[in-house]
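First up is the structure itself, then whatever we jot down about it.
Each value in this text was obtained by applying a stated rule to the coordinates, not by laboratory testing. These figures come from a predicted structure and were not determined experimentally. When we count neighbours, we look across all protein chains shown, and the Cβ atoms used for this are built from the backbone with ideal geometry, even at glycine.
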Amino acid sequence: MFASRLKADEPMTLGGLAFELRVSVRTLARDLSILRERGLPVETDRGRGGGVRLDRHWSVGRLSLTYREAVDLLVSLAMAEQLQSPWLIANLGSIRRKLTASFSPSLKDRISGLRKRILVGGPASPAVLQGFAMPAPESGDLLSSFLELKTLQISYEDAAGQISDRQIEPQILLLNYPVWYVIAWDRSRQGVRSFRCDRIRLARISEETFRLRPAEDFADAVEGIKAISP
């Protein structure tokens, strides 16, 4: 609602907006900070009245994306590149550069390290697809665990149908469309393990954080995989 009012290009004051939206000026100031964090170029005037507006040079070319939206877009572009999309393949490099340029500085910083932890390979083989099922709703906790560096408790069903409980640190996500894999440090086995996300039957994120391990710890797990980072 707040962002929509700003885009209406009408004269506004902080006091007037606070009254209209039925929030305090302090809450409004916090929301302004969040919008700037997402890349929306909001300008404010000090003094009595406190005018607020969007930068007049701003246009739809300047995207206002959340962290997850930005990640989703970059992964989608990498998928199109690996799948050899005939409509996009010639312009993917330009599209990716322009998209990245539209990010706010803080968003760029958050994404730069993350991109190295996501690998997008080619399509899954017919043999893999025979047993594939769309990931369960618990995949949301898996993504949160990956992004926020929090440990994850999972129940995993292997190819033989055996279910085991594991506590993992999701380090790398690999996509062989449409199959996602998580390459993790398995605390239960004290080693690197790969898990197909559609075989995770239960996932519960914890509040315990973990540190990223050196890339060389996962060299064997990704050896021979032809993949790109988004």
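Miscellaneous remarks
- LEU152 at negative phi and assigned to a strand (DSSP E or B): yes
- Residues of the stretch 185-201 classified as small (Gly, Ala, Ser) and either touching a Lys or Arg at 6+ places or on another chain (Cβ under 7 Å) or touching a residue at least 24 places away in the same chain (Cβ under 8 Å) (or both), total: 2
- Any chance LEU119 is assigned to a helix (DSSP H, G or I) and either on the phi > 0 side of the Ramachandran plot or in contact (Cβ under 8 Å) with a residue 24 or more places away in the chain (or both): no
- Matching residues, the stretch 204-227, being assigned to a loop (DSSP other than H, G, I, E, B) and surrounded by fewer than 10 Cβ atoms within 10 Å (Cβ to Cβ): ARG211, PRO214, GLU223, GLY224, LYS226
- Residue that is farthest from ARG213 (Cα to Cα) [pool: residues in the stretch 159-202 that are polar (S, T, N, Q) and out of contact with any helix residue (DSSP H, G or I) (no Cβ under 8 Å at 6 or more places or on another chain)]: GLN162
- Flag: ASP220 does not match the condition of being under 26 Å from ALA70 (Cβ atoms) and more than 18 Å from the chain's Cα centre (by Cα).
- Pairs where the first residue, in the stretch 171-184, is within 12 Å of ALA78 (Cβ to Cβ) and the second is in a strand (DSSP E or B) and of a type in the set (Ser, Thr, Tyr), C-beta under 9 Å, 6+ apart: LEU173/TYR181; LEU174/TYR181; LEU174/SER194; LEU175/TYR181
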